[in-house]
1. Please give the FRET efficiency for PHE76 paired with GLU171, using the beta carbon to beta carbon distance and R0 = 41 Å, rounded to the nearest 0.05.
2. Between LEU45 and ARG159, 0.36 nm times their residue separation minus their Cα-Cα distance comes to what?
3. Out of residues 5 or more away from VAL53 or on other chains, whose amide H comes under 5 Å of its own, with H placed 1.01 Å from N in the peptide plane?
4. Assuming 0.36 nm per residue, please report the length gained on full extension of the stretch ALA138 to GLU65 beyond their Cα-Cα distance.
5. Could you work out which residue, out of LEU102, LEU41, LEU143, moves most in a Gaussian network model of the chain, that is, has the largest mean-square fluctuation with Cα springs under 10 Å?
6. Using a 1.4 angstrom probe on heavy atoms only, work out the carbon and sulfur share of the accessible area of the chain in %.
7. Rg and Dmax of the stretch 34-171, Cα atoms, in Å?
8. Enumerate the helices in the chain for which the Kyte-Doolittle hydropathy averages -1.0 or more and the C-alpha atoms extend at least 18 Å along the helix's axis, using complete DSSP H runs.
Amino acid sequence: MAGSEHIDGLQRVILNERARLLRFLAARGAGDEAEDVLHDLWQRLAVAPSQPVADPVAYLFRAAENLMRDRRRSTFSRERRQMDWHETSVTAEEEPLGERVLIARERMRQAEAMLAGLGPRVDRVFRLYRLEGLGQAAIARDLGVSLSSVEKDLQKAYRALAELKAQFDAE
């Protein structure tokens, strides 16, 4: 902030009260954004016409708090706008129609056949890990195999699925 050639008035007060302003903002929930809020305040003061202020310290604390509130409102509005946008877009429950459904079903059958072709253990390990969310150590324990065997089975499945995806992409 101190890169300006001429610093006086409220900017000088910001420099003098910087640590207190940062603690004040952090205590009011600014967290990691306290520095950003203080920088925004500095920038606004740099372009604002200078006017006499009766109590510059109180003025800066109030201005910093107002800036923090503005940032929160802006973030909240942006998040709400994003949520509204996502709610109006196609949901996961809406099934695509026509040819896309047929293609997706056929590709799913091919992937299932490919996994089955790798052997029952590879198929089971892949399904337990990717679809049911079990950890590799738990799968090894449940199937009575080593962790290394589970890792190798997953590598086989991933390699085969990558090849299948490359075929799909080439179509």
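The values are calculated or read from the model by the stated rules, or taken from the named source; none is laboratory data. Keep in mind that what you see is a predicted model, and the values were worked out from it rather than measured. Neighbour counts run over all protein chains shown; Cβ positions are idealised from the backbone, glycine included. For the accessible areas, the whole protein counts, side chains as well, though only heavy atoms, and no ligand, DNA or RNA atoms are used. Shrake-Rupley method; radii C 1.70, N 1.55, O 1.52, S 1.80 Å.
1. Working: r = 45 Å, r/R0 = 1.10.
With R0 = 41 Å, the Cβ-Cβ based efficiency is 0.35.
2. Full-extension gain reported as 35.2 nm.
3. Long-range HN contacts for VAL53: none found.
4. Working: separation 73, 0.36 × 73 = 26.28 nm, distance 5.07 nm.
Extending this stretch completely gives an extra 21.2 nm.
5. LEU143
6. Numbers: 6340 of 12210 Å².
Its accessible area is 52 percent carbon and sulfur atoms.
7. 28.4, 81
8. 10-27, 34-47, 99-117, 147-170
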